[in-house]
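Enquirer: Dropping a structure here in C-alpha cells format, bear with me for questions.
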Amino acid sequence: MKGIADFIKMKLDKEKIVMVTAYDYISAGISKEAGVDIVLVGDSLATTVQGKDNTIGVTLEEMIYHAKIVKGALTDVFVACDMPFMSYQVSPEQALINAGRILKESGANGVKIEGGETAGMTIKKLAENGIPVIAHIGLMPQFINVLGSYKVQGRIESQIERLVNDAVTLEKAGAFMILLEAMPEEVALRIQNNISIPTIGIGAGRFTDGQVLVFYDAVGMLDKKPPKFVKKFADSRTLIVNALKSYKEEVKNGSFPAEENIYK
Ligand code: KIV
C-alpha cells in the first residue's frame, strides 16, 4: 500500500497522484482495478449516493459505514475518509475522538477535514496522535450556508494571501497532503510554491501534484450537469440506461430469459 512517504516521493519525482472518491464495494473495486493511488470516502456521499442538496446532513455513522465497506475492498490502497460537518469543529478533542472512531471502526488510513488556519489546532492534535490528515482549503462545501453557492475562491489578492497563509499553517500543523478546491490555477501554483507537502486539486488547474474527482462525475453517472472542472471520462449512465431498456424490452417481448438462462 502506498503511504505518506510514497506520496511525498511521487511529488518529488513529479509523478502525478491520482485520487478518486468511492462510497461502496463496487466503486472501490473499480477504482482499485483502474490503479488509482489513493481513495477518498468523500462527504460528497451526501450529494451523490444520498441525493441531498449539500454535504451538511451526512452523519459520522454514515461516513464510517461507507468507509468500512470501501476499506474492505481496498486492503492495499490508502483510504482517507472525510470528517463530516460538526464532527470536528467543536474542539480538537472532539475531532480526535471522532477521527479515532473513523480509523478504528472503518479501517480507513486517514481523514480529511475542511478549514483554513483555524483548523490548524485540530490537525495538530490528530497528527500528534498518529492520525494522517489531508487538509482541504479553497471552496469548502461544508461552508455552503455562509457562501450561498459553490463559488470559485481566490479571485482577489486578500483571499489569495489568506489561502497561501492557510496552506502554510496547515502544513506546519502536520497535514500530510492538502486538497485545493475551485481556484484559478495561478493561485494553486502560488500555494504549491509555498509548501512542501503534496497538493491535490479539484478545479484547481494543472499545476497541483495530483487530481481528485468524484467517482460518479468521472464515469458520467450523475443526472445533473457537472461543474466546469469535471471531465466525464465515460457516459456510463447512458450505457446503463440502455442496458436496462434492453432488459425491459426483452422481458416484455418474451426473449428473456432465453434457452441459456433456463435450468433444465
Ligand atoms: O467529498 C468529496 O468528494 C470531496 C471532493 C473535493 C473530492 O471532498
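The values are calculated or read from the model by the stated rules, or taken from the named source; none is laboratory data. None of the values given here were measured: they were computed from a predicted structure. Neighbour counts run over all protein chains shown; Cβ positions are idealised from the backbone, glycine included. Ligands, DNA and RNA are excluded from the accessible area calculation, which covers all protein heavy atoms including side chains. Shrake-Rupley method; radii C 1.70, N 1.55, O 1.52, S 1.80 Å.
Enquirer: Output the relative contact order of the chain, whole-number percent, from Cα pairs under 8 angstrom with separation of 6+ residues. If you can, show how the numbers build up before the last one.
Expert: On the way: 484 pairs, mean separation 40.2, N = 264.
This gives 15 percent for the chain.
Enquirer: OK, next. Could you do me a favour and compute the accessible area per residue for the range 4-233, 1.4 Å probe, result in Å²?
Expert: For the range 4-233, the solvent-accessible area averages 45 Å² per residue.
Enquirer: Separate question: Run the accessible area of the chain with a 1.4 Å probe and give the carbon-and-sulfur part as a rounded percent. Please list the in-between numbers first.
Expert: Values: 7760 of 13490 Å².
Using a 1.4 Å probe with all protein chains present, the chain comes out at 58 percent carbon and sulfur.
Enquirer: Beyond 33 Å, what share of the Cα-Cα pairs of the chain is found? Please give it as a whole percent.
Expert: 21 percent
Enquirer: Under 13 Å from the Cβ of Val133, count the other residues' Cβ atoms, weight Lys and Arg +1, Asp and Glu -1, and hand me the total.
Expert: Here the count lands on 0.
Enquirer: Need the full-extension length gain, Glu105 to Asn54, defined as separation in residues times 0.36 nm minus the C-alpha distance. One decimal, nm.
Expert: Between Glu105 and Asn54, full extension yields an extra 15.8 nm.
Enquirer: With a 1.4 Å probe and all protein chains in place, put Thr59, Thr47, Thr199, Thr75 in order of accessible area, largest first. List each step's numbers first, then the result.
Expert: Working: Thr59 55, Thr47 35, Thr199 0, Thr75 105 Å².
From most accessible down to least: Thr75, Thr59, Thr47, Thr199.
Enquirer: Rounded to the nearest 0.05, what FRET efficiency is calculated for Tyr25 and Tyr150 with R0 set to 30 Å and r the Cβ-Cβ distance?
Expert: With a Förster radius of 30 Å, E is 0.55.
Enquirer: Moving to a separate point now. With charges set only on the Cβ (+1 for Lys and Arg, -1 for Asp and Glu), what does the dipole of the chain come to about its Cα centre, in debye to the nearest 20?
Expert: Result for the chain is approximately 240 debye, rounded to the nearest 20.
Enquirer: While we're here: Whose amide H sits under 5 Å from the amide H of Leu179, counting only residues 5 or more places off or on another chain, with H placed in the peptide plane?
Expert: Those lying under 5 Å, H to H, from Leu179 are Ala135, His136, Ile137, Ile200.
Enquirer: At R0 = 41 Å, how high is the FRET efficiency between Asp235 and Asn194 if r is their beta carbon distance? Nearest 0.05 is fine. Could you put the intermediate results ahead of the total?
Expert: Details: r = 39 Å, r/R0 = 0.96.
Approximately 0.55, to the nearest 0.05.
Enquirer: Would you kindly derive the ³J(HN,Hα) couplings of the range 174-179 from the backbone phi angles with the Karplus curve 6.51 cos²θ - 1.76 cosθ + 1.60 (θ = phi - 60°), listing them in order in whole Hz, with x for Gly and Pro?
Expert: These are the phi-based 3J(HN,Hα) values: x, 4, 9, 7, 9, 9 Hz.
Enquirer: Next up: Show the residues, 5+ positions off or on another chain, whose built amide H is closer than 5 Å to the amide H of Ala204.
Expert: It is Ala182, Met183, by chain and number.
Enquirer: So for the range 136-192, what are the equivalent ellipsoid semi-axes in whole Å, largest first, each being the square root of 5 times an eigenvalue of the Cα gyration tensor?
Expert: 18, 14, 10
Enquirer: The range 1-108: Rg/Rh from Cα coordinates, Kirkwood Rh?
Expert: 0.99
Enquirer: Then there's this: Rounded to whole Å and sorted largest first, list the principal axis extents of the Cα atoms in the range 71-217.
Expert: 41, 32, 31
Enquirer: Follow-up. How large is ³J(HN,Hα), in whole Hz, for each residue of the range 211-222 in order, when computed from phi with the Karplus curve 6.51 cos²θ - 1.76 cosθ + 1.60 and θ = phi - 60°, using x for Gly and Pro?
Expert: My calculation for the range 211-222 gives 10, 10, 9, 6, 3, 5, 5, 5, 9, x, 10, 7 Hz in order.
Enquirer: Would you grab the residues whose amide H sits under 5 Å from the one on Lys112? Only those 5+ places off in sequence or on another chain, please, with H modelled 1.01 Å from N.
Expert: Under 5 Å from the amide H of Lys112: Cys81, Asp82, Met83, Ile134.
Enquirer: Now a separate question. What list of ³J(HN,Hα) couplings, whole Hz, do you get for the range 248-259 from phi and the Karplus terms 6.51, -1.76, 1.60, once you set θ to phi - 60° and write x for glycine and proline?
Expert: 4, 4, 6, 5, 4, 8, x, 8, 10, x, 9, 3
Enquirer: I've got another one for you. Peptides 163-175, 226-238: what's the order by average Cβ count within 10 Å, highest mean first? Could the numbers behind the result be given before it?
Expert: On the way: 163-175: 20.2, 226-238: 13.5.
In descending order of packing, they fall as 163-175, 226-238.
Enquirer: Calculate, for Arg206 and Glu93, the FRET efficiency according to 1/(1 + (r/R0)^6) with r their C-beta to C-beta distance and R0 30 Å; round to the nearest 0.05.
Expert: 0.15
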